[in-house]
Amino acid sequence: MKQNSTVQPADRLKPKLFSVMKQYTGAQFVKDLVAGVIVAIIALPLSIALALASGVNPEQGLYTAIVAGFLVSLLGGSRVQIAGPTAAFATIVAGIVATDGMDGLVISTVLAGIILVIMGFCRFGVLIKYIPNTITAGFTFGIAVTIVIGQIKDFLGLTFRNAPIESVDKVAEICRCIGTINPQAVLIGVISLAVMIFWPKKLSIIPSSLVAVILCAAIVQLTGMQVNTIGKLYTISNSLPKLTVPAVSFAGIKAMLPNAFTIAILAAVESLLSCVVSDGMIGSKHRPNMELIAQGAANIGSALFGGIPATGAIARTAANVKNGGRTPIAGIVHSIVVLLILVLLMPRAALIPMPTIAAILFIVAYNMSGWKNIRSMFRTAPKSDILVLIATMVLTVVFDLVVAIGAGLVLTALLFIKRMADVTEAHAWIDADDEDTDPDSILRKKIPARTRVYEINGPMFFAASEKFRYMLDDRDIDVLIIRMRNVPAIDSAGVESLAEIVRRCERHHVQAVFSHVNEQPMHAMEKAGLIEAVGKENFCVHIDSALLRAEELEKAIAAK
């Protein structure tokens, strides 16, 4: 009798919601409902703050939480993922809005969504792990620094003469305008920080950011303090998200592609990292490819309904788990509650002081910075990794994420190539020795008199190809054995190096014999015609058979 396995493949393209609903209970619905409401309350001030940090109107942060949060819960590959605006996107979104307007942001985000969907269908979910931790840590810390720089103006109540976009220009403008500091704004900012730092130690069930917003808004209104509020700087709307289609052109799409790829990579990395964290908390296993598809759909939906880029939010996902959420229903409830807050309470957001928003973002930046991880890297990581970390960090702050991630990947690739080249080597052996303990070591073998053995260790690729050129320097031989048991892979440059060695052997009447060629190198050499050129009989599975083949060849040559 055939039994159906209850274990689902990790790469199955089926939303988790459809799987968990088979055993859904009323008791779990109550837990999901409570968790969804609490997460929505947490998301309210964060979504508004992150929208303002991204250079858009406050309600657009809520649109993102509503649309993206709903679609990720409906279609996602995690049981407990909560999606919405995150700090990772703040700087790149602000840059896009400043230079290309909202149409540029919508095009970039929709393209990023399409890229994510394609990545999911192409099963790229497992490939995200190959982005080095040094790059992720570097740009994350750089984003945190950029957020802090961007919020100093509101925290200190400064009056800028110019409207700088780049972080370096903002620092210069802060220095020029430091004389316009508003002590009342600083006081509200300090109170907000104090509440968010010390409140969780007393009553963590109520979000500290919400307490800071309510308390400081009340202080400003009751005392008449001269502090900027959201309502003084932005037009507040409580209208529902509406479908907006930007003016699209081929030139616009081409111009926005770099930003789209950056948004897609960030969304993929952060959402899958959040899934991994939540899996550990609830003992589940997410479906990475389905999650990428859901994140893509969420970003497309968010952009078309007035929102900004979204991804899985680790802090909100963790809060969902801690408050009893165990299915995507909690995320759907979170989106519905945020929608109700938008319609019923959004006008009250006009009262929120800007220094409080800045303080919230300071805390967000601190929590996302990962400074402990970076400190550990500086203590233990190789200098090359530290170089990548610092370069990515600095480029994120000075330029942008597109430059930082691109340069970080290129630098990492170059350093990796150098490391692989450093460990690849070729040794020459002439006769036996009894000191080596490896039974298959060439030092324990009897090598024929007119035979030389070269053992290659490490991958054969372009950066290491010059290490094999000396292989036939000793031409007073009859047979050259090339032992490749420790060559896991070879590229076209490596194959060409071997082909050149074989050609040199032919010119000097030396027979090449290959020993223990692994599967990938053998396939590459076969495609290049090298096996046919050398002869199949000269490819031996073991060094012992290669040495026997060398003896036969020496005898045949001597008999001529």
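As an exercise: evaluate Ala264 against (1) surrounded by fewer than 16 Cβ atoms within 10 Å (Cβ to Cβ); (2) farther than 18 Å from Ala51 by Cβ; (3) of a type in the set (Gly, Ala, Ser) and give the number of the one condition it does not meet.
That leaves (1) as the condition not met.
Return the total of residues in the stretch 495-531 being exposed (fewer than 14 other Cβ atoms within 10 Å of the Cβ) and of a type in the set (Asp, Glu).
2
Which one of these is aliphatic (A, V, I, L, M), surrounded by 18 or more Cβ atoms within 10 Å (Cβ to Cβ), under 21 Å from Ala51 (Cα atoms) and in the same structural domain as Ala94 (by TED's automatic domain parsing): Leu111, Leu156, Leu116?
After ruling out the rest, the residue left standing is Leu111.
For every residue, the table says whether it meets (1) assigned to a strand (DSSP E or B); (2) at pLDDT 65 or above.
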{"position": "Pro439", "(1), (2)": "no, no"}
{"position": "Lys446", "(1), (2)": "no, yes"}
{"position": "Ile456", "(1), (2)": "yes, yes"}
{"position": "Ser465", "(1), (2)": "no, no"}
{"position": "Asp476", "(1), (2)": "no, yes"}
{"position": "Leu480", "(1), (2)": "yes, yes"}
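Please verify whether the stretch 19-37 includes one or more residues that are in the same structural domain as Ala349 (by TED's automatic domain parsing), closer than 26 Å to Ser237 by Cα, surrounded by fewer than 24 Cβ atoms within 10 Å (Cβ to Cβ) and not charged (D, E, K, R).
Within the stretch 19-37, one or more residues are in the same structural domain as Ala349 (by TED's automatic domain parsing), closer than 26 Å to Ser237 by Cα, surrounded by fewer than 24 Cβ atoms within 10 Å (Cβ to Cβ) and not charged (D, E, K, R).
May I ask you to list the residues in the stretch 532-556 that are within 25 Å of Asp491 (Cα to Cα) and surrounded by fewer than 17 Cβ atoms within 10 Å (Cβ to Cβ)?
Those that are within 25 Å of Asp491 (Cα to Cα) and surrounded by fewer than 17 Cβ atoms within 10 Å (Cβ to Cβ): Glu532, Ala533, Gly535, Lys536, Glu537, Val541, His542.
Of these, Val277, Val248, which one is over 22 Å from the mean Cα position of the chain (by Cα) and at pLDDT below 90?
Val248
Please name all residue pairs, on different chains or six or more residues apart, with Cβ atoms under 8 Å, provided the first residue is in the stretch 10-32 and is among the small types (Gly, Ala, Ser) and the second residue is part of a helix (DSSP H, G or I).
Hits for this filter: Ala10/Pro288.
The values are calculated or read from the model by the stated rules, or taken from the named source; none is laboratory data. Remember, it's a predicted structure, so these values are computed and weren't measured experimentally. So basically every Cβ, Gly included, is an ideal-geometry build from the backbone, and we count neighbours across all protein chains shown.
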